[in-house]
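> Structure in structure tokens, see below.
The values are calculated or read from the model by the stated rules, or taken from the named source; none is laboratory data. Computed from a predicted model, the values in this text were never measured in an experiment. When we count neighbours, we look across all protein chains shown, and the Cβ atoms used for this are built from the backbone with ideal geometry, even at glycine. Only protein heavy atoms, including side chains, enter the accessible area calculation; ligands, DNA and RNA are left aside. Shrake-Rupley method; radii C 1.70, N 1.55, O 1.52, S 1.80 Å.
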Amino acid sequence: MNASSSSETSAAVQHHRRRLRKVRRWLVVVLVCVVMLGLLGLTAVRRDAASLLQPESLLELLIWFGSVLVVLVALAGVYSVMVDFVFWEGWMNGLPDPSRLFTADEEASGRHQHYVVYLDGIHQSEESHPPRVSDFLGCLEESIAEDTMLVKGIEAYTITNAGLRSTTFAGWLWQRLFALQEHHPNGLVRFICAFCVQANNVIKVGISSDRRYGPVMNYELALKIARRLDAIGFRPHQASRIILVGYSGGGEMAIGTAEILQQLCRVRVQVITICGVFSGNGELESVNDVAMVVGSQDPVAAFGRIAYPGRLSFLPLSNWNCWQRHHSLQRYMIEGMSHNGSSGPFSTAFRGAVVEAICRELERSLLSPPQRIPH
């Protein structure tokens, strides 16, 4: 039996070695083919370099470049949709049980009654915020009352408590894109990498606004925010309200999540958008307070209203228009403010005015009548 077993083991080892040799041969063949094709391509490029400068060739190059961008956007869209449903179906340790939220130390009490949760725009790629946004949040934190906590660092465009570079399945891809975006000497490569990050986040905003798939992603984001609140000591029995402050595309994420978060946390939720780009498709039936901080020179937010027809007055049955018939929308117009950059809400020129508008809304909404939280 021992001899037979030994011979079987030896045969299996020999068979495995033969397979490895065959794989190595194929790898060598593939590498040789790749090198030959690369040399041929280099020769062709050198030969045709002069013709690339012709107008017809430049037009063809632009068309090719545009086609590549369309493919990249499509791939980013497929990734954005699939990763949400992979998480939903339990392939990433499943959805946490919301019934277990806020169960630890239920009798404990803290000094915070109001929680301001900041959701950044589509430029966000990780938990930390860019310097201008960090300065703005620091100014806001100094201006709010002592019983109010500012919650920052929530990545609104991933489903786990991490930035894109830490996602389970594609973290290696995003890390590579960020490295190329920051350090590659070719400006075109840096642009394409930055474009991919922006495309992923824009598509997330689009999914959030969709009536079919939006509820799935909005629930995941609401659960993510609730878990963060649970971790920092939020307790429904002592808290008065949660305020979602969303900048640009973060406004859509805030409106899409507000009602779900209200049910999870069992306290009043209100929304403040800053230069918000949102659809108005979100369910706001039980949300009483929504305010908009807008700039008079903001073309992006103005285009968002056109891009999402549900906010236009000629569709009276849309969610947004139905909500406005029963509630009062607060608008804080800031003259001269644009969407971003040196004239945006985070610039030194307008940062103070935006913070003042938010604080005014926080004080005004304190006087709102109590609302019934649906269960």
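> Would you pick out the residues in segment 113-126 that are surrounded by fewer than 19 Cβ atoms within 10 Å (Cβ to Cβ) and either in contact with a Ser or Thr (Cβ under 6 Å, 6 or more places away or on another chain) or at pLDDT 70 or above (or both)? Write out each step before concluding.
Of the residues in segment 113-126, the ones surrounded by fewer than 19 Cβ atoms within 10 Å (Cβ to Cβ) are 113, 123, 126.
Result: Gln113, His123.
> Consider Cys275 against the criteria (1) in contact with a Pro (Cβ under 9 Å, 6 or more places away or on another chain); (2) at negative phi: it satisfies all of them except one. Which criterion is unmet?
(2)
> Look through Gly352, Gly280, Gly341 and report the one residue that is touching a residue at least 12 places away in the same chain (Cβ under 8 Å) and more than 23 Å from Gln262 (Cβ to Cβ). So that I can check it myself, show each step before the final result.
Details: Gly280 fails: more than 23 Å from Gln262 (Cβ to Cβ); Gly341 fails: touching a residue at least 12 places away in the same chain (Cβ under 8 Å).
Sole residue among the options that is touching a residue at least 12 places away in the same chain (Cβ under 8 Å) and more than 23 Å from Gln262 (Cβ to Cβ): Gly352.
> Would it be correct to say that Ile192 is at pLDDT 90 or above, over 11 Å from the mean Cα position of the chain (by Cα) and not basic (Lys, Arg)?
Working: at pLDDT 90 or above: no; over 11 Å from the mean Cα position of the chain (by Cα): yes; not basic (Lys, Arg): yes.
Against the criterion (at pLDDT 90 or above, over 11 Å from the mean Cα position of the chain (by Cα) and not basic (Lys, Arg)), Ile192 does not qualify.
> Quick one: which of Ser166, Ser134, Ser109 is open to solvent by 10 Å² or more (accessible area, probe 1.4 Å), at pLDDT 65 or above and of a type in the set (Gly, Ala, Ser)? It would help to see each step written out before you state the result.
Values: Ser166 fails: at pLDDT 65 or above; Ser109 fails: at pLDDT 65 or above.
Answer to the check: Ser134.
> If you check Glu361 against the conditions, is it in contact (Cβ under 8 Å) with a residue 24 or more places away in the chain, in contact with a helix residue (DSSP H, G or I) (Cβ under 9 Å, 6 or more places away or on another chain) and either more than 24 Å from Asn201 (Cα to Cα) or open to solvent by 40 Å² or more (accessible area, probe 1.4 Å) (or both)?
Values: in contact (Cβ under 8 Å) with a residue 24 or more places away in the chain: yes; in contact with a helix residue (DSSP H, G or I) (Cβ under 9 Å, 6 or more places away or on another chain): no; either more than 24 Å from Asn201 (Cα to Cα) or open to solvent by 40 Å² or more (accessible area, probe 1.4 Å) (or both): yes.
In short, no.
> Please verify whether Val300 is open to solvent by 20 Å² or more (accessible area, probe 1.4 Å) and not polar (S, T, N, Q), treating the condition exactly as stated.
Values: open to solvent by 20 Å² or more (accessible area, probe 1.4 Å): yes; not polar (S, T, N, Q): yes.
Yes; evaluated as a whole, the condition is true for this residue.
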